[in-house]
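Participant: Here's a structure for you.
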Amino acid sequence: MKTRPFGDIPVSEVGLGCWQLGGDQWGDMDDSTALAVLHAAADAGVTFLDTADVYGLGRSEMLIGRFLKERGRKGFFIASKFGRFPTPGWPANFSPAVIRQHIEASLQRLGIDRLDLIQLHCLPREQLRRDELWHTLRQLQQEGKIARFGASVESVAEADDCLQQPDCASLQIIFNIFRQTPALSGLLERCQQRGVAIIVRLPLASGLLGGRYTVQTTFPPNDHRYFNRNGERFNVGETFAGLGFEKGLELVEQLKTLVPAEPPLPLLALRWCLDHSAVTTVIPGARRPEQARLNASASDLPPLPMDLHQRLREFFLQQVKPCIRGPD
């Protein structure tokens, strides 16, 4: 596993997204499977673990805490998020006292004294512009509860709002072959110039870029790919990159005609993300240990040819971008 600098700390360039460990928005996942996934990722060299307080209402963080007790804290970069927990809810979640309460609860569930990174979790844009919110994070950093802070955002415009904060350490964005705007807009370049780390979430577009779904594929009711296809619960861009499922399947078939048979499509999609030098780490999820190991192996692949990158850029602009729903 290769590493890239996250400020002054090297992290695995393929991390593990832990949304699915919550067991409430990617279908069921029992504790033993969740822990097996975490250990498989660690065995493959993954050091960057990304979670949030709202994933399973704390279950994802608690499972990571159990994993750290088994594995040891040393060597792992633990990133969490706050702002979307249902109690007390919006707008009370954005008050200094509640921010502190939520971050301290995350630390307790994780069983650690300090978070390597805390991130604003897709907050309303007006909140991203509130100095009081950022000042609260600076206070918690001074107290040693967090090492650094950043934001998970839904759009390039929101990302640019966060870049107005000189000590914003990172931005987490949706970025994949079906969502190329962060690169084409210059956001990645702006972040790289300012030393802001880029965390790529949903690099496989909720599994579309795994290339195995068909029109017969179904998802359980507690899976966002079932209940959020049209943005019924949260930003539609978080589900299938903002594409309708059937349209996404159609675009995957077109994509397959543009790329080589090897490496497999999911590894090629991860490698595509990593070929952007501004990217610090990609955080695909995994529901099975073997999936975590496969994702990690993208770090071993050579860069994709430049002519392939050009074809994929043209494919996005001509075929994909007009079909994306929600902000990008």
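Participant: Looking only at the chain, where both bridge partners belong to it, what percent of the DSSP beta bridges are antiparallel (to the nearest 5)?
Facilitator: The antiparallel fraction comes to roughly 20 percent.
Participant: Right, another one. Suppose every Lys and Arg Cβ carries +1 and every Asp and Glu Cβ carries -1, with no other charges. What dipole size does the chain come out with about its Cα centre, to the nearest 20 debye?
Facilitator: About 180 debye.
Participant: Also, quick follow-up: So, by mean Cβ neighbours within 10 angstrom, what's the order for 54-62, 259-267 with the highest one leading?
Facilitator: 54-62, 259-267
Participant: If you put +1 on each Lys and Arg Cβ and -1 on each Asp and Glu Cβ, how big is the dipole of the stretch 137-256 around its Cα centre, in Debye rounded to 20?
Facilitator: Dipole about the Cα centre, nearest 20: 260 debye.
Participant: Between Rg and the Kirkwood Rh of the stretch 1-116, both from Cα atoms, what is the Rg to Rh ratio?
Facilitator: My calculation puts Rg/Rh at 0.98.
Participant: If you don't mind, another one. Could you size up the charge dipole of the stretch 204-328 around its Cα centre, putting +1 on the beta carbon of Lys and Arg and -1 on that of Asp and Glu, and report it in debye to the nearest 20?
Facilitator: Here the size comes out at about 220 debye.
Participant: D for the stretch 227-328, whole µm²/s, Stokes-Einstein with Kirkwood Rh over alpha-carbon pairs at 25 °C and 0.890 mPa s: what number?
Facilitator: 163 µm²/s
Participant: What 222 nm value per residue comes from the helices of the chain, counting each DSSP H run with n ≥ 4 as -39,500 (n - 2.57) and dividing by all residues, nearest 500 deg cm²/dmol?
Facilitator: Calculated mean residue ellipticity at 222 nm is -10500 deg cm²/dmol.
Participant: Run down the lysines and flag those whose C-alpha is under 27 Å from the C-alpha of Lys69, throwing out any fewer than 8 positions away in its chain.
Facilitator: Within the straight-line cut-off, Lys69 pairs with Lys2, Lys81, Lys145.
Participant: Give me Rg/Rg_expected for the chain, where Rg uses Cα atoms only and Rg_expected = 2.2 N^0.38 Å with N residues.
Facilitator: 0.93
Participant: Sticking with this one: Identify, among Ser12, Cys323, Ala269, the residue whose Cα sits farthest towards the positive end of the charge dipole of the chain, taking +1 on the Cβ of Lys and Arg and -1 on the Cβ of Asp and Glu, with the dipole about the Cα centre.
Facilitator: Working it through, the farthest residue towards the positive pole turns out to be Ser12.
Participant: For the stretch 53-118, what size does the Cα cloud have along each of its three principal axes, sorted from largest down, in whole Å?
Facilitator: The principal-axis extents, from largest down, are 37, 20, 14 Å.
Participant: May I ask you to derive the relative contact order of the chain, considering only C-alpha pairs under 8 Å and at least 6 residues apart, and to give it as an integer percent?
Facilitator: So the answer I get is 23 percent.
Participant: Among Phe48, Phe175, Ser206, which residue has its Cα positioned farthest towards the positive end of the charge dipole of the chain, with +1 placed on the Cβ of Lys and Arg, -1 on the Cβ of Asp and Glu, and the dipole taken about the Cα centre?
Facilitator: Positive-end residue among those listed: Phe48.
Only the coordinates and a few stated rules stand behind these numbers; no lab work does. None of these values were measured; they are calculated from a predicted model. Please note: Cβ atoms are built from the backbone with ideal geometry, for glycine as well, and neighbour counts cover all protein chains shown.
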